[in-house]
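The values are calculated or read from the model by the stated rules, or taken from the named source; none is laboratory data. Bear in mind that the values here come from a model prediction, so they are computed numbers and not experimental data. Glycine also receives a Cβ, built like all others from the backbone with ideal geometry; neighbour counts cover every protein chain displayed.
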Ligand code: BGC
């Protein structure tokens with residue numbers, strides 16, 4: 001059973017759904033430039049996306065109809081502050097305030113993410129996250145958020161998936177800004193980003209108009225045990241928080257480096273040794289700034305990988321069989337990650353956890369009967385949520401679950417190729433069609449998980 005006050009929600013991000021109507025006086029962000037460079041699948045862009053900025057009233061009405069009572073969404077930094085700092089765009093503040101009031105009118109609790117990858121272009125031109133001033137730029141933005149929205153919103157999340165916007169954006173280059181920097185620069189960026197998180201927490205608390213709750217939403221694949229033998233569990237736990245599992249060209253896929261400083265006030269010892277040649281100066285004051293008290297931890301969890309103890313006593317990866325289940329975008333379907341992920345995180349960080357994202361892209365189509373039948377999504381969610389339920393029943397403090405995502409949307413470098421939504425979007429007409437999974441999820445929310453085919457033996461080997 002899920003606790004009575006368990007939060008069932010959906011998640012989204014601004015750039016993926018809003019559209020970029022020039023009338024709004026927004027400033028550009030690094031994704032606009034990335035789109036212009038032609039680096040998106042099929043030459044797609046986010047000019048219209050789901051046109052949510054003009055349709056949010058209908059979208060929230062639909063959300064209410066579908067029984068969803070919590071919504072995690074993001075604000076666009078350069079929509080609110082076109083230059084990243086300085087003048088505030090009143091139109092953007094008015095729109096977001098109206099959005100929040102509209103969702104609240106419909107019984108939907110807002111969870112506001114400050115940064116979901118849209119770094120202001122004007123500030124990128126001044127060095128972006130590599131410039132140490134980014135700590136104050138982001139802090140200033142957080143102050144503007146607190147001043148303008150904290151009277152009507154109570155839950156705030158600083159950063160979405162630093163592993164991705166740092167690693168994919170600045171190390172492998174597949175996401176905006178799309179550069180491949182040397183490792184030392186990426187460690188500097190990471191340190192600045194973590195400090196910016198801390199500064200934002202300080203500013204949010206200082207300028208908030210009511211007591212607010214603040215969290216953080218990192219991500220990473222989950223190392224989970226191949227069997228439930230204690231030695232495999234220990235092997236998986238050690239790999240999940242290890243620093244030595246990835247080559248340096250890929251080092252940002254790391255849980256401990258991004259979460260230990262935030263929740264424990266220190267970088268992992270192992271990483272400090274291993275990464276020593278690349279590290280910037282790290283002071284005691286920096287660590288204090290990063291380690292601000294938080295009310296909850298968020299974690300975006302989509303999948304994981306098997307680990308067991310090898311014959312030599314060391315952890316080893318276990319290959320997946322050729323017919324292992326995969327999503328439409330080729331991600332493995334590994335429900336157990338929702339059990340082991342939250343369990344390992346809770347053991348280490350001791351904070352209530354929200355799954356701030358989890359979901360699946362499917363090859364959804366409109367059927368002859370006009371509906372969108374997506375049994376694969378229902379099966380995926382049913383299995384994943386059953387594993388989450390197991391964690392809850394074993395005492396892990398899981399506060400809520402935000403399904404990614406409400407509307408099909410602009411899936412970053414993959415454009416509109418992937419459909420992650422509970423609601424199908426026909427882009428040429430902007431028509432919304434709730435998929436079968438939306439009605440199924442409505443029952444999950446209504447019955448507090450009572451319709452899940454929860455099997456206690458499901459994940460065990
Ligand atoms: C991101 C979302 C994205 C989703 C599916 C997450 O990494 O936060 O913005 O759409 O995964 O790829």
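Conditions tested, residue by residue: (1) within 16 Å of the ligand (Cβ to nearest atom); (2) in contact with a strand residue (DSSP E or B) (Cβ under 9 Å, 6 or more places away or on another chain).
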residue: 334; (1), (2): yes, yes
residue: 337; (1), (2): yes, yes
residue: 344; (1), (2): no, yes
residue: 347; (1), (2): no, no
residue: 355; (1), (2): yes, yes
residue: 365; (1), (2): no, yes
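For the range 409-422, the tally of residues that are out of contact with any helix residue (DSSP H, G or I) (no Cβ under 6 Å at 6 or more places or on another chain) and either in a loop (DSSP other than H, G, I, E, B) or on the phi < 0 side of the Ramachandran plot (or both) stands at 7.
Contact annotation: residue pairs with Cβ atoms under 7 Å, 6 or more positions apart or on different chains, pairing a residue in the range 403-421 that is more than 20 Å from residue 335 (Cα to Cα) with a partner that is in a helix (DSSP H, G or I) and within 8 Å of the ligand (Cβ to nearest atom), are 409/16; 410/16.
Hey, can you tell me all the residues within the range 1-34 that are closer than 18 Å to residue 122 by Cα and free of Cβ contacts under 8 Å to residues at least 40 places away in the same chain? Residues satisfying the conditions are 20, 22. Within the range 16-36, take every residue that is touching a strand residue (DSSP E or B) at 6+ places or on another chain (Cβ under 7 Å) and within 16 Å of the ligand (Cβ to nearest atom) and give me the one that is nearest to residue 406 (Cα to Cα). Restricting to residues being touching a strand residue (DSSP E or B) at 6+ places or on another chain (Cβ under 7 Å) and within 16 Å of the ligand (Cβ to nearest atom), the top hit is 17. In the range 315-354, the qualifying residues are those that are in contact with a helix residue (DSSP H, G or I) (Cβ under 7 Å, 6 or more places away or on another chain) and in a strand (DSSP E or B), and the one that is nearest to residue 223 (Cα to Cα) is 315. Going through (1) closer than 15 Å to residue 419 by Cα; (2) in contact (Cβ under 8 Å) with a residue 40 or more places away in the chain one by one, residue 387 falls short only on (1).
Among residues of the range 296-307 that are more than 15 Å from residue 7 (Cα to Cα), those with a Cβ under 6 angstrom from a residue that is away from the ligand (no atom under 16 Å from the Cβ), sequence gap 6+ or separate chain, pair up as 304/224; 306/226; 306/318; 307/223; 307/235; 307/236; 307/239; 307/315.
Taken together, the criteria exclude residue 65 from residues that are surrounded by fewer than 17 Cβ atoms within 10 Å (Cβ to Cβ) and within 20 Å of residue 169 (Cβ to Cβ). When you look at residue 111, is it buried (at least 24 other Cβ atoms within 10 Å of the Cβ) and modelled with pLDDT of 95 or more, yes or no? The answer is yes for residue 111. Quick one: in the range 244-268, which of the residues that are surrounded by 20 or more Cβ atoms within 10 Å (Cβ to Cβ) and over 21 Å from the mean Cα position of the chain (by Cα) is nearest to residue 201 (Cα to Cα)? It comes out as 267.
Restricting attention to the range 227-241, the residues being buried (at least 19 other Cβ atoms within 10 Å of the Cβ) and farther than 19 Å from residue 297 by Cβ number 5. Among the residues of the range 384-394, not a single one is away from the ligand (no atom under 16 Å from the Cβ), surrounded by fewer than 17 Cβ atoms within 10 Å (Cβ to Cβ) and assigned to a strand (DSSP E or B). Please tell me if residue 377 is on the phi < 0 side of the Ramachandran plot, surrounded by fewer than 20 Cβ atoms within 10 Å (Cβ to Cβ) and either more than 16 Å from the ligand (Cβ to nearest atom) or not in a loop (DSSP other than H, G, I, E, B) (or both). It is false that residue 377 is on the phi < 0 side of the Ramachandran plot, surrounded by fewer than 20 Cβ atoms within 10 Å (Cβ to Cβ) and either more than 16 Å from the ligand (Cβ to nearest atom) or not in a loop (DSSP other than H, G, I, E, B) (or both).
Output the residue which, of all residues in the range 420-432 that are crowded, with 18+ Cβ neighbours inside 10 Å and away from the ligand (no atom under 11 Å from the Cβ), is farthest from residue 217 (Cα to Cα). Per the criteria, the residue is 432. Of the helices (runs of 4 or more DSSP H) entirely within the range 89-202, those holding at least 2 residues that are under 21 Å from the mean Cα position of the chain (by Cα) occupy 90-105, 134-149, 162-170.
Residue 17 satisfies every condition listed in (1) over 22 Å from residue 165 (Cβ atoms); (2) buried (at least 20 other Cβ atoms within 10 Å of the Cβ) except (1). Of the residues in the range 395-408, how many are within 16 Å of the ligand (Cβ to nearest atom) and assigned to a loop (DSSP other than H, G, I, E, B)? Matching residues across the range 395-408 total 3.
The set of residues in the range 447-458 being surrounded by fewer than 19 Cβ atoms within 10 Å (Cβ to Cβ), out of contact with any strand residue (DSSP E or B) (no Cβ under 9 Å at 6 or more places or on another chain) and modelled with pLDDT of 95 or more consists of 447, 450, 451.
The residue list 178, 198 contains one member that is buried (at least 19 other Cβ atoms within 10 Å of the Cβ) and touching a residue at least 24 places away in the same chain (Cβ under 8 Å), which is 198.
Consider the range 127-136. How many of its residues are surrounded by fewer than 22 Cβ atoms within 10 Å (Cβ to Cβ) and either touching a residue at least 24 places away in the same chain (Cβ under 8 Å) or within 16 Å of the ligand (Cβ to nearest atom) (or both)? Residues that pass the stated criteria total 5.
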